[in-house]
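To keep things clear, I will list the structure first and then write my remarks on it.
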Amino acid sequence: KRLAVFVSGGGSNFRSIHEAALGGKVNGDVAVLVTDKPGCGGAEYARCNGIPVVVFPKSKSAPEGLSTDELLNVLRDLKVDFVLLAGYLKLIPGELVQAYPRSMLNIHPSLLPAFGGKGYYGSKVHKAVIASGARYSGPTVHFVDEQFDTGRTLAQRVVPVLANDTPEQLAARVLHEEHQVYVEAVAALCEDRIVWREDGVPLIRSRR
Ligand code: GRF
């Protein structure tokens with residue numbers, strides 16, 4: 001299967017997906033890296049690994065960026081099957097969401113629906129989790145719809161929130177699990193092992 005990965009930052013989730021694809025754990029290949037920040041770590045990794053990079057959207061700071069239509073054409077020309085958001089911080093235009101029904105995933109560093117939605121990103125998420133007194137947190141992989149973090153949850157993992165956690169410590173604990181749960185979810189997507197229950201809930205069917 002052909003994958004497009006969208007990043008805005010360091011791209012550690014992108015890297016773990018790419019490594020899983022190279023190692024055969026994910027039955028896919030990363031056809032293109034899409035970013036709104038051409039200088040970010042994820043874009044750098046892509047350039048070092050021969051993965052085409054396109055900038056989206058067009059903005060003052062990235063005039064070379066594509067329009068939504070141009071990006072849709074690129075994704076179609078590259079025969080992309082699945083779109084994976086991995087630390088991409090801009091809202092995906094509805095036209096793009098509609099072009100990939102049940103084929104666009106995002107990972108968010110909290111147990112959605114808690115601590116999700118506009119404004120909850122990066123360390124803001126972990127600060128809010130700690131302030132709430134929650135005893136657990138963890139990443140959520142979900143299908144993307146037209147708002148931030150509101151699509152159908154596909155997979156989650158749980159980590160403890162420890163007594164004197166700083167946001168950075170909690171973020172690192174969650175990020176470690178993100179890398180694993182995203183690879184498992186993408187592997188299932190690429191192997192057509194996702195069952196959609198009649199009430200609309202997607203479930204991963206194990207390999208066995
Ligand atoms: C991660 O915390 C992810 O959950 C969120 O943004 C961060 C991206 O990290 N979407 P990376 O760029 O994949 O390292």
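The values are calculated or read from the model by the stated rules, or taken from the named source; none is laboratory data. Note that this is a predicted model, so its numbers are computed, not measured. For neighbour counting, all protein chains shown are included, and Cβ atoms are generated from backbone atoms with ideal geometry for every residue, glycine included. All accessible areas refer to the heavy atoms of the entire protein, side chains included, with ligands and DNA or RNA removed. Shrake-Rupley method; radii C 1.70, N 1.55, O 1.52, S 1.80 Å.
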Margin query: Can you tell me the length gained on complete extension of the stretch Lys118 to Arg76, counting 0.36 nm per residue apart and subtracting the Cα distance?
Written below: 12.2 nm
Margin query: Just want to confirm a number: the relative contact order over the chain, from Cα pairs under 8 angstrom separated by 6+ residues, in percent.
Written below: 19 percent
Check: At a probe size of 1.4 Å, how large is the accessible area of Asp199, to the nearest 10 Å²?
Finding: 80 Å²
Check: So which chymotrypsin sites (Phe, Trp or Tyr not before Pro) in the stretch 96-147 pass both tests, a DSSP loop state and at most 14 other Cβ atoms within 10 Å of the Cβ?
Finding: none
Margin query: Just to make sure I understand: if all protein chains stay in place, what is the order of Arg193, Arg135, Arg102 by accessible area at 1.4 Å, largest first?
Written below: Arg135, Arg102, Arg193
Check: When the Karplus curve 6.51 cos²θ - 1.76 cosθ + 1.60 is applied with θ = phi - 60°, which whole-Hz ³J(HN,Hα) does each residue of the stretch 176-187 get, with x for Gly and Pro?
Finding: 4, 6, 3, 4, 7, 6, 5, 4, 4, 5, 5, 4
Margin query: Here is the link list: Lys25/Lys60; Lys25/Lys127; Lys1/Lys37; Lys1/Lys90. Which ones come out longer than 29 Å on Cα distance?
Written below: Lys25/Lys60; Lys25/Lys127
Notebook entry, point to check: Can you work out the base-10 log of I(q)/I(0) for the stretch 116-208 at q = 0.12, 0.15, 0.22 1/Å, using the Debye formula on its C-alpha atoms alone?
Noted result: -0.43, -0.65, -1.12
Check: If you take all C-alpha pairs in the stretch 153-205, what percent of them are over 19 Å apart?
Finding: 42 percent
Next item on the list: In whole Hz, with x marking every Gly and Pro, tabulate ³J(HN,Hα) for the stretch 135-143 from phi via Karplus 6.51 cos²θ - 1.76 cosθ + 1.60, θ = phi - 60°.
Entry: 8, 9, 9, x, x, 10, 9, 9, 6
Item checked: More than 20 angstrom apart: percent of Cα pairs within the stretch 71-153 -> 35 percent
Next item on the list: Report, in debye and to the nearest 20, how large the dipole of the chain comes out about its Cα centre when Lys and Arg carry +1 and Asp and Glu carry -1 on their Cβ.
Entry: 340 debye
Item checked: Computed [θ] at 222 nm, deg cm²/dmol, the chain (DSSP H ≥ 4; -39,500 (n - 2.57); rounded to nearest 500) -> -10000 deg cm²/dmol
Item checked: Descending semi-axes in whole angstrom, ellipsoid equivalent of the stretch 1-111, from the Cα gyration tensor -> 19, 16, 14
Item checked: Bins of 10 Å, starting at 0 and running to the largest distance - Cα pair percent for the chain -> 9, 36, 37, 16, 2, 0
Notebook entry, point to check: Nearest 10 degrees, 0 to 90: what angle lies between the long axis of helix 123-132 and the longest principal axis of the chain (Cα atoms)?
Noted result: 20 degrees
Next item on the list: Using per-residue counts of other Cβ atoms within 10 Å, averaged over each peptide, order 165-175, 58-68 from highest down.
Entry: 165-175, 58-68
Margin query: Accessible area per residue for the stretch 74-208 in Å², computed with a 1.4 Å probe and the full protein assembly in place, what is it?
Written below: 51 Å²
Note to self: Using a 1.4 angstrom probe on the protein heavy atoms only, could you order Glu19, Glu178, Glu146 from most to least accessible area?
What the structure shows: Glu19, Glu146, Glu178
